[in-house]
Amino acid sequence: MKRLALLSILALSHVAPAAAEILPGYDRFDLMANHRARPVAASIWYPAANPTYRAPVGNGPIFDSTFAFVGPAIAEGEHPLVLISHGSGGNSDSLGWLSSGLVAQDAIVLAVNHPGSTSGDSSPRRSVDLEARANDLSAALDMLLSSPAFAPFIDQDQIGVVGFSLGGTTALGLGGVRFDGSVQDANCTTGPDAADCVFFRLGDVRFADYPGYEADTRDPRITQAVIVDPGFGGSAVPDSLEDALAGMTFINLGDADRLAAVDVGPDGNNLANRLPNATYIEIAPANHFTFLGTCKPRAAELLQEEGDDPICTDPEGADRDAVHDQLVDAIAAGLGL
C-alpha cells in the first residue's frame, strides 16, 4: 500500500508542472469526404478542461513544434470556431503557433491537410482545384457539427476562417469570391515570374482548364474571414465581390519585401478595397514566409543545402516571434474573438 501511495504521489507530481502551463487541447481525426478518394487528415485545437499529457505537435527538421495536451476534455461553454487553410506545400501542424494563439482567445480551431497541396504531396495540377480545398473545410465542418463530442461546445453563430497564401484563396472562396481561370492565365502570360504562376507553370497548368478553379465554393455558415497574403487575387471575378462576405480582414506581410502577387493593397490588385467593409492591415518588417512557424537553428542552412525556398529567412529587422504575436492579435480581432 505504501508503494502504491508513493507511485500515486509521483504520478501527480509529474502532472502538476504540466497542469500549471496553459496549453491547448489537441486531437486528430480522419475525415471521410465524398469528394476525396482517401481520408483527409484533420486536427482540432481547443481550450482544455484539464491536462492529459504534454506532447509536441508539428515536430520535424525545419519548424519548432508547438506543445499541447493530447485529447483532454473540452472546457465548458460554447466557443467560437475557426477553420484554418494552409498554403501550397504547407500543413496544419506547422501552424500550431497560430492555432494555440487562437485557443488562448477561447476559440476552437479546426484544420486539415489539403490533399494534393500539402507537405510532401503538393502537385500543381491538384493545387489548382480550389473547389476541392474549400470542400475539405466544409466537410470537416459538417463532421464537427455532427460530433457529439464537440458540437455542444461550438458557438454556431461565430464560425470564422483564416487562410494563408493558397489557403487565403481558399478562404476567399468560402466567403463567396470566385475566380476566373482565363484571367489568371493571361496574368501569368504577362507576369510569368509571379509567385502564383511559377509553381503552376512547372506543371504546364492552364487555369481555364480546371473547373474547380472557377467554382462557387461559398459556405453560408462562415461569419468572419481573415485572409493573409492570398494568391490569385488578380483573377477574382468582379461580380462576385459585391455579394461576398462583408467585413473580411486582409493582412499583407512586408513592405519592400512583399510579394507582388499577394499584394491586396492599393499598390497591388487592390482586392481589399473592392470587398464590402473590408479591413486592410500591413505588418512589417516581414515577408511572405514569416507567417510560417519559427525555424530550428540549422533549418536555414538545411534548406539552402537542399535548394529549397528560403522559408526560414526573414528580412533585416524582422522578428518572427514578434510578427506572430502581431498576427494572432490582428487575426483574433478580425474574427471577433
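The values are calculated or read from the model by the stated rules, or taken from the named source; none is laboratory data. As the structure is a computational prediction, the values presented were derived from the model and not from experiment. All Cβ positions, glycine included, derive from the backbone under ideal geometry; neighbour counts span all protein chains shown. In case anyone asks, the SASA skips ligands and DNA or RNA and just uses the protein heavy atoms, side chains included. Shrake-Rupley method; radii C 1.70, N 1.55, O 1.52, S 1.80 Å.
Here are the numbers:
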read-out: Selected residue (criterion: farthest from LEU335 (Cα to Cα)) from residues of segment 251-261 that are hydrophobic (A, V, I, L, M, F, W, C) and open to solvent by 10 Å² or more (accessible area, probe 1.4 Å); value: ALA256
read-out: Residue match in segment 156-166 (condition: surrounded by fewer than 17 Cβ atoms within 10 Å (Cβ to Cβ), assigned to a strand (DSSP E or B), in contact (Cβ under 8 Å) with a residue 24 or more places away in the chain and not basic (Lys, Arg)); value: yes
read-out: Residues located in segment 289-314, provided they are part of a loop (DSSP other than H, G, I, E, B) and open to solvent by less than 20 Å² (accessible area, probe 1.4 Å); value: GLY293
read-out: Number of the condition not met by ASP142 [criteria: (1) of a type in the set (Asp, Glu); (2) open to solvent by 40 Å² or more (accessible area, probe 1.4 Å); (3) touching a residue at least 12 places away in the same chain (Cβ under 8 Å)]; value: (3)
read-out: Strands (runs of 3 or more DSSP E) (entirely within segment 58-131) containing at least 1 residues that are among the aromatic types (Phe, Trp, Tyr), open to solvent by less than 30 Å² (accessible area, probe 1.4 Å) and in contact with a helix residue (DSSP H, G or I) (Cβ under 9 Å, 6 or more places away or on another chain); value: 66-70
read-out: Selection count, segment 40-57, where residues are surrounded by fewer than 20 Cβ atoms within 10 Å (Cβ to Cβ), part of a loop (DSSP other than H, G, I, E, B) and not aliphatic (A, V, I, L, M); value: 4
read-out: Qualifying residues in segment 251-266 (those that are in contact with a strand residue (DSSP E or B) (Cβ under 9 Å, 6 or more places away or on another chain) and not in a loop (DSSP other than H, G, I, E, B)) - the one nearest to VAL82 (Cα to Cα); value: ILE251
read-out: Flag if ALA332 is farther than 24 Å from ASN59 by Cβ, open to solvent by less than 40 Å² (accessible area, probe 1.4 Å), touching a residue at least 12 places away in the same chain (Cβ under 8 Å) and in a helix (DSSP H, G or I); value: yes
read-out: Search result, residues across segment 268-277 that are touching a residue at least 24 places away in the same chain (Cβ under 8 Å) and open to solvent by 30 Å² or more (accessible area, probe 1.4 Å); value: GLY268, ASN269, ARG274, PRO276, ASN277
read-out: Number of positions in segment 273-288 that are of a type in the set (Ser, Thr, Tyr) and assigned to a loop (DSSP other than H, G, I, E, B); value: 0
